[in-house]
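Notes follow once the structure below has been shown.
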Amino acid sequence: MRWDWLPLVAVACLAPFLQAQAHSTHLDDSIIEHRVSQLLSQMTLEEKIAQTVHFADSSTGPGSPHADYREQTAQGHVGSFENITGAAETNALQKLAIEKSRLHIPLVFALDVIHGYRTIFPVPLAMASTWDTALVEQASRVAAKEATREGIRWTFSPMVDIARDARWGRMVEGAGEDPYLGSAMAVAYVRGYQGARLSDSQSMLACAKHFVAYGAAEAGRDYNTVDISERSLRQIYLPPFHAAVESGAGSVMSAFNTLNGVPATANPFTLTHILRQEWKFPGAVISDYGSVREMIAHGVAVDGKTAARKAILAGLDVDLESNIYSRYLAELVRSGEVPEAAVEQAARRMLRVKFALGLFDHPYTPEPSTPVKPGLDSAHVELARTIAERSFVLLKNGDSEAGSPLPLAPGVRTVALIGPLADSASDMMGPWRARGDAADVVTLRTALTSRVQQAGGQVIYAKGTEILTAEDKGFAEAVAAAKRSDVVLMALGEDALWMSAEAASRAHLGLPGNQQQLLEAVTAAGKPVVLIVFSGRPLSLTWAAAHVAAILQAWFPGVQAGPALVRTLFGDVNPSGKLTVSMPRDVGQEPLHYDELNTGRPSDGIDLMRPPHNDKEKYHSRYVDEPNTPLFPFGYGLSYTKFTYSSLELSASQLSASGLNRNAQQPLHVSTTVRNAGSRAGDEIAELYVRLRGTSIALPVRQLEGFRKVALAPGESKRVEFTIGHDELAFWNIDMQDVVEPASVTVWIGPSSAEGKSADFVIAE
Ligand code: BGC
């Protein structure tokens with residue numbers, strides 16, 4: 001892209017997500033800028049540095065780095081805190097900042113509010129599986145309302161890292177493998193957290209993290225090296241950040257990893273060139289936890305002082321718990337190694353954020369005059385249930401011979417419920433549960449027992465095994481339960497805290513511990529088995545896909561796990577979620593993503609299910625011992641009904657590259673009719689994919705460029721139309737310009753990345 005085109009192109013690219021209603025964050029307000037400048041003119045160097053200091057640990061016990069945090073606050077040495085919650089607690093500290101510090105600058109309190117604060121929603125990977133940005137925005141709004149009541153005005157969310165390697169535990173925190181979907185979700189979170197105005201007392205500052213390419217860690221090992229081309233960076237990893245920034249996200253968190261050798265914490269190319277110069281980001285950049293100090297371990301700084309110098313000069317504004325800015329910045333300015341202007345710039349950005357949040361005018365959180373009602377708000381709980389129901393992905397539902405085991409018959413007599421996740425309230429909340437409480441969770445066991453008993457049936461529960469153990473003494477009871485039942489529900493999967501999110505990389509992607517053996521033993525009992533998988537990543541379920549009757553991917557569904565599952569299993573709701581990550585057959589396929597390049601030796605037309613038997617088949621881009629294809633592809637998910645797509649209609653057969661680049665040409669329209677050909681109402685997510693050929697660089701075999709969710713009654717049809725113009729067709733070309741080139745184009749609309757009706761058109765000069 002030519003950078004003089006950026007403002008136009010950037011807004012155009014994001015147009016589908018930003019829609020009509022402009023959301024103002026007030027970060028670029030001239031009155032705020034004036035107030036910030038006035039304040040800065042009164043500030044000493046030390047007071048400016050204080051705005052770059054963030055304490056995460058505010059314990060007072062032995063070994064705490066900030067045992068004296070109250071005194072530090074009163075003296076005006078700290079700008080922000082995290083992990084302190086509650087109106088009374090935050091107000092008490094705020095009072096010290098406002099009343100005791102010389103310039104009365106308010107603090108801002110942060111927390112990792114990732115998928116709910118008190119009401120815990122499904123994990124972000126599950127929320128993305130709804131493909132429903134309106135629901136995600138609603139959930140984030142609820143999270144903001146609940147958190148701001150307790151003094152939190154800054155959340156370290158959304159995580160917008162694209163993740164294509166299921167070994168990486170943090171895949172659970174994001175929207176999956178695709179930049180288009182990831183950008184749409186990023187905008188939804190920012191809108192929900194920040195609301196229409198950041199100064200609203202119920203709005204929370206969003207923080208797009210982790211900048212950038214953290215998800216591309218080599219071998220899926222957390223914190224590991226990232227080495228990718230600038231094109232991949234711009235085409236895959238940057239778009240969701242750009243979308244977040246364009247939608248007004250007021251802060252960004254830098255990542256732990258090195259990017260092409262340079263730690264993201266002190267990377268001038270990403271922090272200054274891209275974020276500030278190209279994107280004109282006015283907000284604050286905070287480091288990840290302790291990552292300024294980690295520059296020593298990375299080997300780019302021999303001591304804290306060098307780390308501080310490199311980070312501030314690269315454009316990192318706030319030091320999260322390395323305690324290095326507070327220690328060295330003053331010295332660095334006095335010795336002339338860092339210009340005071342760099343510190344002032346960082347302080348300015350943080351103050352801008354505090355003014356935009358309205359903290360100078362309203363620093364305190366209203367404390368309730370009467371005790372707060374215990375428990376959760378019922379509307380929030382209902383939203384949590386709705387989102388969970390729409391996040392489940394039905395991967396398999398019987399076969400043509402045996403029929404479909406789901407939905408369960410309303411009068412089913414005896415249900416065996418087996419597995420370590422069937423009654424684990426804590427695991428249902430997933431990782432990062434803010435101030436969620438396991439006591440609020442309704443498990444599958446509780447909800448199922450109540451439903452089946454009401455209908456006069458019975459549930460036989462047997463845990464069978466623990467999540468991670470070799471001990472199999474519970475197997476016999478589980479097999480016996482299966483034998484006595486009409487249908488078996490198996491609740492298997494990962495430990496939410498140990499096996500998913502940060503520092504939870506896995507080298508194996510099967511069911512953990514001896515759960516696979518339990519599954520095989522129970523399946524051998526001969527009853528129909530419905531496998532419900534709880535996990536923060538796609539597991540490799542190859543055996544299950546071949547042997548059990550049905551599979552429902554449930555992720556970690558949040559407080560309403562049980563009711564949402566039971567309503568889905570009995571068909572009160574029809575599953576509509578679709579995968580936003582490719583499910584591998586085996587860990588050896590990772591990293592795995594649908595938008596791969598074709599290679600010069602594609603495997604088209606070769607039966608990948610059998611070994612190659614001649615050279616013509618062998619010398620292709622393939623494994624000799626596993627098909628290339630995923631077990632279940634990106635975008636895939638079944639329903640209890642059946643949808644059909646009609647042939648595509650294109651409004652034109654040719655576009656002009658130069659016309660599109662000048663924004664002088666009308667886009668093309670492509671449409672299809674989606675029909676519910678079954679006997680139940682259902683929602684279908686129609687996905688638009690594009691492939692370009694004849695371009696200056698090789699482009700993916702398919703790229704998602706749009707999606708729509710359509711609700712259809714039995715027999716009903718709806719027309720679905722997409723627009724294809726500059727944004728859908730531009731890419732970073734051989735000269736690193738983001739442009740449309742002449743090409744042959746294939747476009748698909750369909751139910752997944754591996755299916756759909758297609759049509760072709762041409763982009764002429
Ligand atoms: C994580 C961040 C999180 C931060 C909070 C870090 O360990 O990587 O995602 O926001 O902790 O302090």
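The values are calculated or read from the model by the stated rules, or taken from the named source; none is laboratory data. Keep in mind it's a predicted model, so treat the numbers as computed, not measured. Counting neighbours? That spans all protein chains shown, and the Cβs are built from the backbone with ideal geometry, glycine included. In case anyone asks, the SASA skips ligands and DNA or RNA and just uses the protein heavy atoms, side chains included. Shrake-Rupley method; radii C 1.70, N 1.55, O 1.52, S 1.80 Å.
Things to note:
- Among the residues of this structure, Pro282 counts as one that is open to solvent by 20 Å² or more (accessible area, probe 1.4 Å), over 21 Å from Gly304 (Cβ atoms) and at pLDDT 95 or above.
- When the range 290-322 is filtered for residues that are surrounded by 17 or more Cβ atoms within 10 Å (Cβ to Cβ), under 30 Å from the mean Cα position of the chain (by Cα) and free of Cβ contacts under 8 Å to residues at least 12 places away in the same chain, nothing remains.
- Any chance Tyr189 is open to solvent by 10 Å² or more (accessible area, probe 1.4 Å), among the aromatic types (Phe, Trp, Tyr) and farther than 21 Å from Leu320 by Cβ: no
- Residue match in the range 327-342 (condition: within 16 Å of the ligand (Cβ to nearest atom) and touching a Ser or Thr at 6+ places or on another chain (Cβ under 8 Å)): no
Okay, residues lined up against (1) buried (at least 17 other Cβ atoms within 10 Å of the Cβ); (2) more than 28 Å from Phe634 (Cβ to Cβ); (3) at pLDDT 95 or above:
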| site | (1), (2), (3) |
| --- | --- |
| Ala504 | yes, no, yes |
| Ala507 | no, no, yes |
| Asn514 | yes, yes, yes |
| Ala524 | no, yes, yes |
| Ser540 | yes, no, yes |
| Ala544 | yes, no, yes |
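- All positions within the range 139-160 that are outside any helix (DSSP H, G or I) and either within 16 Å of the ligand (Cβ to nearest atom) or surrounded by fewer than 24 Cβ atoms within 10 Å (Cβ to Cβ) (or both): Arg149, Glu150, Ile152, Arg153, Trp154, Thr155, Phe156, Ser157, Pro158, Met159, Val160
- Residue in the range 231-248 that is without any contact (Cβ under 8 Å) to a residue 60 or more places away in the chain and under 18 Å from Arg352 (Cα atoms) present: yes
- Among the residues here, Ser64 qualifies as at pLDDT below 95, touching an Asp or Glu at 6+ places or on another chain (Cβ under 7 Å) and within 16 Å of the ligand (Cβ to nearest atom).
- Some residue of the range 605-627 being of a type outside the set (Phe, Trp, Tyr), in a loop (DSSP other than H, G, I, E, B) and under 22 Å from the mean Cα position of the chain (by Cα): no
- Applying a threshold of 7 Å to beta carbon distances and a minimum spacing of six or more residues, or different chains, the list of pairs starting in the range 107-135 at a residue that is under 20 Å from Phe81 (Cβ atoms) and ending at one that is basic (Lys, Arg) and crowded, with 24+ Cβ neighbours inside 10 Å reads Val108/Arg153; Val108/Lys354; Phe109/Arg153.
- Failed condition for Glu389, given (1) open to solvent by 70 Å² or more (accessible area, probe 1.4 Å); (2) at pLDDT 95 or above; (3) of a type in the set (Asp, Glu): (1)
- Against the numbered list (1) more than 19 Å from Pro575 (Cα to Cα); (2) open to solvent by less than 20 Å² (accessible area, probe 1.4 Å), Gln666 comes up short only at (2).
- Filter pass, Glu89 being surrounded by fewer than 20 Cβ atoms within 10 Å (Cβ to Cβ) and either touching a residue at least 24 places away in the same chain (Cβ under 8 Å) or within 16 Å of the ligand (Cβ to nearest atom) (or both): yes
- The range 381-409, subset assigned to a helix (DSSP H, G or I) and charged (D, E, K, R), residue farthest from Ser639 (Cα to Cα): Glu382
- Residues of the range 259-282 satisfying the condition of being within 16 Å of the ligand (Cβ to nearest atom) and within 18 Å of Ser229 (Cβ to Cβ): Leu259, Ala264
Yes/no matrix, rows are residues, columns are (1) free of Cβ contacts under 8 Å to residues at least 12 places away in the same chain; (2) not β-branched (Val, Ile, Thr):
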{"position": "Met428", "(1), (2)": "no, yes"}
{"position": "Thr449", "(1), (2)": "no, no"}
{"position": "Gln453", "(1), (2)": "yes, yes"}
{"position": "Met490", "(1), (2)": "no, yes"}
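- Within the range 197-217, the set of residues being away from the ligand (no atom under 11 Å from the Cβ), open to solvent by less than 10 Å² (accessible area, probe 1.4 Å) and part of a helix (DSSP H, G or I) comprises just one member, Gly215.
Conditions (1) assigned to a loop (DSSP other than H, G, I, E, B); (2) acidic (Asp, Glu); (3) within 16 Å of the ligand (Cβ to nearest atom), marked per residue:
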| position | (1), (2), (3) |
| --- | --- |
| Ala470 | yes, no, no |
| Ala476 | no, no, no |
| Val479 | no, no, no |
| Ser500 | yes, no, yes |
| Gln517 | no, no, no |
| Glu520 | no, yes, no |
| Ala525 | yes, no, no |
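- Reported count of residues in the range 283-326, each being within 16 Å of the ligand (Cβ to nearest atom), touching a Lys or Arg at 6+ places or on another chain (Cβ under 7 Å) and on the phi > 0 side of the Ramachandran plot, is 0.
- Criterion: buried (at least 21 other Cβ atoms within 10 Å of the Cβ) and more than 29 Å from Glu477 (Cα to Cα) - qualifying residue of Leu552, Leu592, Leu531: Leu592
- Residue match in the range 410-425 (condition: under 27 Å from Val548 (Cα atoms), among the acidic types (Asp, Glu), within 24 Å of the chain's Cα centre (by Cα) and modelled with pLDDT of 95 or more): no
- When residues in the range 528-547 are screened for being in contact with a Ser or Thr (Cβ under 6 Å, 6 or more places away or on another chain) and part of a loop (DSSP other than H, G, I, E, B), 1 of them pass.
- Selection of the range 102-124 for residues being more than 16 Å from the ligand (Cβ to nearest atom) and either open to solvent by 10 Å² or more (accessible area, probe 1.4 Å) or within 30 Å of Arg390 (Cβ to Cβ) (or both) yields Arg102, Leu103, His104, Ile105, Arg118, Thr119, Ile120, Phe121, Pro122.
- Of the candidates Leu518, Leu468, the single residue that is open to solvent by 20 Å² or more (accessible area, probe 1.4 Å) and not acidic (Asp, Glu) is Leu468.
- All positions within the range 221-255 that are open to solvent by less than 10 Å² (accessible area, probe 1.4 Å) and within 16 Å of the ligand (Cβ to nearest atom): Val226, Pro240, Phe241, Ala244, Ala249, Gly250, Ser251, Val252, Met253, Ser254, Ala255
- Residues satisfying the stated conditions in the range 609-656, i.e. open to solvent by 80 Å² or more (accessible area, probe 1.4 Å) and within 30 Å of Phe570 (Cα to Cα): Lys642
- Answer from Gln94, Gln75 - the residue that is more than 16 Å from the ligand (Cβ to nearest atom) and open to solvent by less than 70 Å² (accessible area, probe 1.4 Å): Gln94
- Residue match in the range 365-377 (condition: assigned to a loop (DSSP other than H, G, I, E, B) and crowded, with 22+ Cβ neighbours inside 10 Å): no
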